Amino acid sequence: MTTETLTLAQIEALAFDALVAAGTSETNARPLAIATAATEADGVASHGLAYIPIYCEHVLCGKVDGQAAPQLSTPRPSVVRVDAATGFAHGAIDIGFETLIPLARAQGVAVLTLHNSYNCGVLGYHTGRLAQAGLLGLGFTNAPASIAPSGGATPVVGTNPFSIAVPGDAGGPVLLIDQSASTIAKSEVMKHAREERPIPLGWALDPEGNPTTDPAIGLKGSMAPSGGYKGVGVAMLVEILAAALSGGQLGIDAAPFSGPVGGPPRTGQCFIAIDPEGPSGGLFDWRMADLIAAVAAQEGAHLPGDGRRAARARAAKEGVVVSAATLSRIREITARAS
């Protein structure tokens, strides 16, 4: 596969220009472009530049309102609610965080929910920003149904990721858990389908509930839940917090994130920001240090998020290797508008 090596600034500029060319306002395009560069830096290519042509297609077909103006309200002293107005989630989350972060510092804990939203990309990117602000950040986002319940074959909940980011001395998360309720993120199966590559057994099931290595068949069936019924339980937990609690669309009613049909997904997100010092009696940093030391003491062991930190360091020094085919699609979108 032909590739190019780009700086993070080049990645951000490419994403921004393509989004604006497709009809996204500069205000809405910038947060998504910044997140795209950060995602590529973290080595999560499936959610990086490869998604920009899809985002642009969704603006053009009306699945996302590129000119949306999110609306914020504070229905309770420690609750922030944002109507994303069927626009991109990233800008709406930015607006919510502007209120959520100082509120959590003042109150000790605060909750942000978003509805009428869209795919928020890598959830850990957002919780990591809460950790950078010195807060324990928890995040939940629901998605169109793609996981069947235990004993069933028809999807009722999405891959529904959750994330927790722990603040560290350097400002960024010292520990970052970011995982979906499925064995693998659906975007990885979609990526294999685009590249016409088989998927490992255990990633997805066919419409009859049988394991398959064909990503196209898996996308017509359901994603395999991580840990069987336990993965279904995690997906349900996220559905409660990100959809029911936010007033967002349930996965069974949400239009797909992929393809041009179905209209806006109107899914939801939920973020909980906690100042850890109050609840822990000032012992949070000590307890986390002991936990991290216990992992570090084992040869070969690593913490969740270590891989992303290593990738970020390499990207800052060496740049990011990106598929030439993806870059060609993005540049074509930008060129059509010029």
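Computed 3J(HN,Hα) for the range 55-72, one whole-Hz value per residue from the Karplus formula 6.51 cos²θ - 1.76 cosθ + 1.60 where θ = phi - 60°, is 4, 5, 4, 6, 5, 5, 8, x, 5, 10, 8, x, 9, 4, 10, x, 10, 9, glycine and proline marked x. Over the range 29-124, what is the relative contact order in whole percent, taking alpha-carbon pairs under 8 Å and six or more residues apart? Relative contact order for the range 29-124 comes out at 25 percent. Toward the positive end of the charge dipole of the chain, with +1 on the Cβ of Lys and Arg and -1 on the Cβ of Asp and Glu, the farthest Cα among 216, 255, 29 is that of 255.
Here residue 130 sits with roughly 0 square angstrom of accessible surface, probe radius 1.4 Å. For 99, 154, 141, the ranking by accessible surface with the largest value first comes to 154, 99, 141, using a 1.4 Å probe.
In this calculation the C-beta distance from residue 236 to residue 76 is compared with R0 = 30 Å, giving a FRET efficiency of 0.75. Against the empirical 2.2 N^0.38 Å (N residues), the range 154-244 has a Cα radius of gyration ratio of 1.23.
To the nearest 10, the accessible area of residue 302 is 140 Å² with a 1.4 Å probe.
Decide, for the range 202-246, between rounded, prolate and oblate: order the square roots of the alpha carbon gyration tensor eigenvalues as a ≥ b ≥ c, take rounded if a/c falls under 1.5, and otherwise choose prolate if a/b is larger than b/c, else oblate. Taking the square roots of the gyration eigenvalues as a ≥ b ≥ c, the range 202-246 is prolate. For the chain, the equivalent ellipsoid derived from the Cα gyration tensor has semi-axes of 28, 24, 23 Å, listed largest first.
Would you mind counting up the charge near residue 293? Only other residues with Cβ under 15 Å from its Cβ, with Lys and Arg at +1 and Asp and Glu at -1. Around residue 293, the charge tally is -4.
Put a plus charge on the Cβ of each Lys and Arg, a minus charge on the Cβ of each Asp and Glu, and nothing anywhere else: the dipole of the chain about its Cα centre is then about 240 debye. Which of rounded, prolate or oblate describes the range 234-338 when judged by the alpha-carbon gyration tensor and an a/c cut-off of 1.5? Judged from the Cα gyration tensor, the range 234-338 comes out oblate (a/c at least 1.5, b/c at or above a/b).
Computing the accessible area with a 1.4 Å probe over protein heavy atoms, can you report the carbon and sulfur percentage for the chain? Working shown, then result.
Numbers: 8380 of 14880 Å².
Looking at the chain in its full context, I get 56 percent from C and S.
Pop the C-beta distance of residue 261 and residue 210 into the FRET formula with R0 = 30 Å and round what comes out to the nearest 0.05.
On the way: r = 27 Å, r/R0 = 0.90.
Calculated transfer efficiency: 0.65.
Using a probe of 1.4 Å on the protein chains alone, the accessible area found for residue 288 is around 30 Å². Given R0 = 25 Å, the distance between the Cβ atoms of residue 3 and residue 291 translates into a calculated FRET efficiency of 0.05. Classify the range 1-105 from the C-alpha gyration tensor, please: rounded if a/c falls under 1.5, else prolate or oblate depending on whether a/b exceeds b/c. Oblate, because a/c is 1.5 or more while a/b does not exceed b/c. The largest accessible area among 212, 5 belongs to the first residue in 5, 212, and the rest follow in falling order (1.4 Å probe, all chains). Full extension of the chain segment joining residue 106 with residue 318 gains 72.3 nm, where the gain is 0.36 nm per residue of separation less the Cα-Cα distance. Largest first, the residues 286, 203 sort by 1.4 Å accessible area into 286, 203.
Based on Cα contacts under 8 Å between residues 6+ apart, the range 211-265 shows a relative contact order of 15 percent.
The residues of the range 194-338 expose on average 57 square angstrom of accessible surface per residue, using a 1.4 Å probe on protein heavy atoms. Computed on the chain, with alpha-carbon pairs under 8 angstrom and 6+ residues apart, the relative contact order is 23 percent. Taking GluC sites (Glu not before Pro) as exposed when their DSSP state is a loop state and no more than 14 other Cβ atoms lie within 10 Å, the longest site-free interval of the chain runs over 1-194.
Calculate, in whole percent, how much of the Cα-Cα pair population of the range 112-154 lies beyond 13 Å. Tail of the P(r) past 13 Å holds 65 percent of the pairs. Of the three principal axes defined by the Cα atoms of the range 65-186, the extents in descending order read 46, 35, 26 Å. The phi-based Karplus calculation (6.51 cos²θ - 1.76 cosθ + 1.60; θ = phi - 60°) puts the 3J(HN,Hα) values of the range 228-236 at x, 5, 5, x, 5, x, 5, 4, 5 Hz, whole numbers, x for Gly and Pro. Residues in the range 178-188 carry Karplus couplings, in order, of 8, 8, 8, 7, 8, 4, 9, 5, 4, 4, 5 Hz; the curve used is 6.51 cos²θ - 1.76 cosθ + 1.60 with θ = phi - 60°, and Gly or Pro positions show x.
The values are calculated or read from the model by the stated rules, or taken from the named source; none is laboratory data. These figures come from a predicted structure and were not determined experimentally. Cβ: placed from backbone, ideal geometry, glycine included. Neighbour counts: every protein chain shown. Protein only, heavy atoms only, side chains kept; ligands, DNA and RNA dropped before computing areas. Shrake-Rupley method; radii C 1.70, N 1.55, O 1.52, S 1.80 Å.
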